[in-house]
1. Quick check on the exposure proxy: order Asp256, Asp119 from fewest to most C-beta atoms within 10 angstrom.
2. Counting each pair of different Cα atoms once, what's the Kirkwood radius of the range 48-276 in Å, rounded to one decimal?
3. Normalised by the number of residues in the range 86-214, what is the relative contact order in percent for Cα pairs under 8 Å and 6+ residues apart?
4. So if we plug the beta-carbon distance of Asn151 and Asp191 into 1/(1 + (r/R0)^6) with R0 = 35 Å, what FRET efficiency do we get, rounded to 0.05?
5. Tally Lys and Arg at +1 and Asp and Glu at -1 over the other residues with C-beta under 9 Å from the C-beta of Asp113: what net charge comes out?
6. Quote the relative contact order of the range 166-285 in percent (integer), defining contacts as alpha-carbon pairs under 8 Å separated by 6+ residues.
7. For the range 152-233, which GluC sites (Glu not before Pro) are both in a DSSP coil and crowded by at most 14 other Cβ atoms within 10 Å?
8. Kindly provide the chymotrypsin sites (Phe, Trp or Tyr not before Pro) of the range 137-223 that DSSP labels as loop, not H, G, I, E or B, and whose Cβ sees at most 15 other Cβ atoms within 10 Å.
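Taken together, the values in this text are just the output of simple stated rules run on the coordinates, not laboratory data. As the structure is a computational prediction, the values presented were derived from the model and not from experiment. Here the Cβ positions follow ideal geometry from the backbone for every residue, glycine too, while neighbour counts run over all protein chains shown.
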Amino acid sequence: MKIKTKMKKYLPFTKKIYAYCSLFTVFCLLFSSCESNDGPVSINNSVNLKSNSKSLVEFFTNTSCVYCPPPGHFLDQIDSLQGITINDTNVIIIRYHTAVFANDPYYLYNTPDNQGRCDYYYAPNTFNPVTYMMGQVLPSYSFAVWQSLFNVQLATKNNFGINIVIAYDSLSRTGTADINVGQLTGQEITDLKMHVALTESEIYYAAPNGESVHQNTLRKLLTGPSGQSISIQPGQTQSFSFNFSVDNIINARYCDIIVFVQSAAGQNVYGVEKKRLPFQLVFGS
């Protein structure tokens, strides 16, 4: 009788411990099974890159170009996720500024990198605007035509997957971008270049062509104007790391790191990814 009495005494406590353990187990299972649609999954300390349909748009513009605002506004609408395409979030934009008209402040801020991309495609040196999607030139701007072309591209899976992890110190304005690039499908690309760009958005400047807010503006190419040659076999993943700094003139809160891989000769872009700098407010600095 004494043993049964003691068992009854401790039984409620035992049930509580069991309940807590059960809840902890369920939480762990739920946490480990949650996964972003686009994010990488760590398996055996390696990154499992996923195929996606993210599309790179390179827009060559100039602050004195009066024909640039209409296509630029189209891209602004996509950038602000207004439902212009079947998946606005998968459109990644870089805006390069040119010397077609003098005194463009964004071209003058980093002439070598902007001019390097102009020289690569050549056409932006002669007229603006010029727009490339996944390395291929788009026809002159038309809302209906561009919307259709964007939707076709956004329904196409990329051969390469890219993952970016950024560590950024808001006080020192320095950071590191750790990048994984892997070929998921397709034949080997023998002239592959990786480009790593730093862009800034929400820049306020009353430009001569009437534009006042400037988005996705190239600030720096971490891999230089010509990019970095890489060699990746189908089914293979390689890792890279880049240190970078952000000038005081740039608002790091609105900066992105964009990584894309491109055939040097064919100009086809095979994969692209974007990551916002993890900016933190620093008080008392």
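1. Fewest-to-most Cβ neighbours within 10 Å comes out as Asp119, Asp256.
2. With all distinct Cα pairs of the range 48-276 included, I get 17.8 Å.
3. It comes to 14 percent, rounded to a whole number.
4. 0.75
5. Cβ neighbours under 9 Å give a net charge of +3.
6. It comes to 36 percent, rounded to a whole number.
7. Filter output for the range 152-233: Glu188, Glu202.
8. When the chymotrypsin sites (Phe, Trp or Tyr not before Pro) of the range 137-223 are filtered for loop state and at most 15 Cβ neighbours within 10 Å, Tyr205 remain.
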